[in-house]
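Let me begin by presenting the structure, written as structure tokens, before commenting on it.
The values are calculated or read from the model by the stated rules, or taken from the named source; none is laboratory data. A quick note: this is a predicted structure, and the numbers were derived from the prediction, not measured. Here the Cβ positions follow ideal geometry from the backbone for every residue, glycine too, while neighbour counts run over all protein chains shown.
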Amino acid sequence: MLRFLTAGESHGPELTVIVEGLPAGVQIDPEAIDRDLIRRQGGYGRGARSTKIERDHAEITSGVLSGRTTGAPLAMRIENRDFANQPENPKPLTAPRPGHADLAGAIKYGHEDFRTVRERASARETAARVAAGAAAKALLAAFGARVGSFVTETGGIAADLPTVDRLDAPALERLAALAEDDKMRCPDPDASRRMREAIDKAREAGETLGGVICAFAVGVPAGLGSHVHWDRKLDGRLAQAVGSIHAIKGVEIGPAFDLATRPGTEAQDPIVSSGADVTRTANRAGGLEAGVTNGMPVVVRAAMKPLSSVRAEIPSVDFETGEASNPPHVRSDVTAVPAAAVVAEAMVAWVLADALCERFGQDRLDAMLAARDAVSGSGRPRKP
């Protein structure tokens, strides 16, 4: 129902994103988009490009009139300020970096200069995703849904937090609020301090660090997604979207990997009646049952591997000479775990906004809200 396309390279003049399918009438706040772009650039362990060179700003070039979407495609451009610092005729890169897209992309498209691959494969592209996700958040907000994130682990140092299945909507939002004021986006101050110390040590050793993030959405209507077809199940759609983020290698809905170690009686969410409503006493399902939202917070956790651009020598081959080679180090972050949490927010928001359009239509926001109101109620199944 919704689609966005990004274009542009890491060191090219700009990134472009086109968002198609947003209903007419959604209020778009350019400052809110820029705030999310700034949040993506922050975090302890980022390199000079994110903290000193780029100052991301999304320029809306179409699809918005008087602050609201028109139903036409929404287009945005994000200037790459580092473009001015690039040489006109850079030397071709002929030794691929292990862990990157260099070799795989060159094999696929037949490039001899690995720079052609890495320019598009760079995580710089996620700035465009965050801009698209901010537009999706605007649609979610009209339905009373909110998205947040925080970091739970970096470099093997885990925050002392309750398990996600015990966190209700207010608790999740409190943790996200604490994370906003922390350089690691971690709501545990002691763990954040130890994470920063680990990053400093990794920087001195020429290493990089990965970690674990949590992105969530609260206030999401029940009934989004489907249990009928495999490609409409929200579990799979969320896992694909978050798993597509650079360096993310594992995704779980709720505490899935922990549940895999438990008996079935400890892996369910009991359903209880509360007056005219029904609710659940836990959220082990992460807000999704059989691919459908159940009214509980949607919780997605993801594991990010250490970034591949390390200063230490990693064996490779120079494809021009056929000799063993150590690819030249490209300036990079020591860790981008805090940034990945913000990008995960954007991808979660996008999937849920798409599911809203799927369930309630997408031409006009007022018609979508009316369709929502027509099916809302106690949360009990209704007779036709």
Original post:
Looking at the range 79-101, which of its residues are under 18 Å from E125 (Cα atoms) and in contact (Cβ under 8 Å) with a residue 24 or more places away in the chain?
Top reply: E79, N80, R81, D82, F83, Q86, G99, H100
Original post:
If you take the residues of the range 359-373 that are part of a loop (DSSP other than H, G, I, E, B) and under 25 Å from the mean Cα position of the chain (by Cα), which of them is surrounded by the fewest Cβ atoms within 10 Å (Cβ to Cβ)?
Top reply: G361
Original post:
Looking at (1) in a helix (DSSP H, G or I); (2) within 20 Å of the chain's Cα centre (by Cα); (3) at pLDDT below 95, which is the only condition T126 fails?
Top reply: (3)
Subject >> Unmet criterion (only one of (1) in a helix (DSSP H, G or I); (2) over 27 Å from P187 (Cα atoms)) for A339 >> reply: (2)
Subject >> Residue satisfying all of: in the range 225-259; part of a helix (DSSP H, G or I) and of a type in the set (A, V, I, L, M); nearest to the chain's Cα centre (by Cα) among these >> reply: V242
Subject >> Filter pass, I38 being surrounded by fewer than 16 Cβ atoms within 10 Å (Cβ to Cβ), within 20 Å of the chain's Cα centre (by Cα) and in a helix (DSSP H, G or I) >> reply: yes
Subject >> The lone exception for G377 - which of (1) modelled with pLDDT under 95; (2) assigned to a strand (DSSP E or B); (3) not polar (S, T, N, Q) it fails >> reply: (2)
Subject >> the range 235-264 residues that are touching a residue at least 40 places away in the same chain (Cβ under 8 Å) and over 20 Å from W350 (Cα atoms), paired with ones that are part of a helix (DSSP H, G or I) and of a type in the set (A, V, I, L, M, F, W, C) (beta carbon under 7 Å, 6 or more apart) >> reply: P255/V164
Original post:
Looking at the range 267-332, what strands (runs of 3 or more DSSP E) fall wholly within it and have at least 2 residues that are of a type in the set (A, V, I, L, M) and surrounded by 13 or more Cβ atoms within 10 Å (Cβ to Cβ)?
Top reply: 298-304
Subject >> Members of the range 211-246 found to be among the small types (G, A, S) and buried (at least 21 other Cβ atoms within 10 Å of the Cβ), listed by number >> reply: G211, A215, A217, G225, A241
Subject >> the range 200-224, subset over 20 Å from L172 (Cβ atoms) and not in a helix (DSSP H, G or I), residue farthest from the chain's Cα centre (by Cα) >> reply: G206
Original post:
Got a number for residues in the range 128-174 being surrounded by 23 or more Cβ atoms within 10 Å (Cβ to Cβ) and without any contact (Cβ under 8 Å) to a residue 40 or more places away in the chain?
Top reply: 1
Original post:
Taking the range 99-133, which residues are touching a helix residue (DSSP H, G or I) at 6+ places or on another chain (Cβ under 7 Å), basic (K, R) and within 14 Å of G12 (Cβ to Cβ)?
Top reply: R118
Subject >> Residue, nearest to the chain's Cα centre (by Cα), within the range 77-104, restricted to residues that are surrounded by 18 or more Cβ atoms within 10 Å (Cβ to Cβ) and among the small types (G, A, S) >> reply: A101
Original post:
Across the range 181-199, what is the number of residues that are surrounded by fewer than 21 Cβ atoms within 10 Å (Cβ to Cβ), within 21 Å of the chain's Cα centre (by Cα) and touching a residue at least 12 places away in the same chain (Cβ under 8 Å)?
Top reply: 1
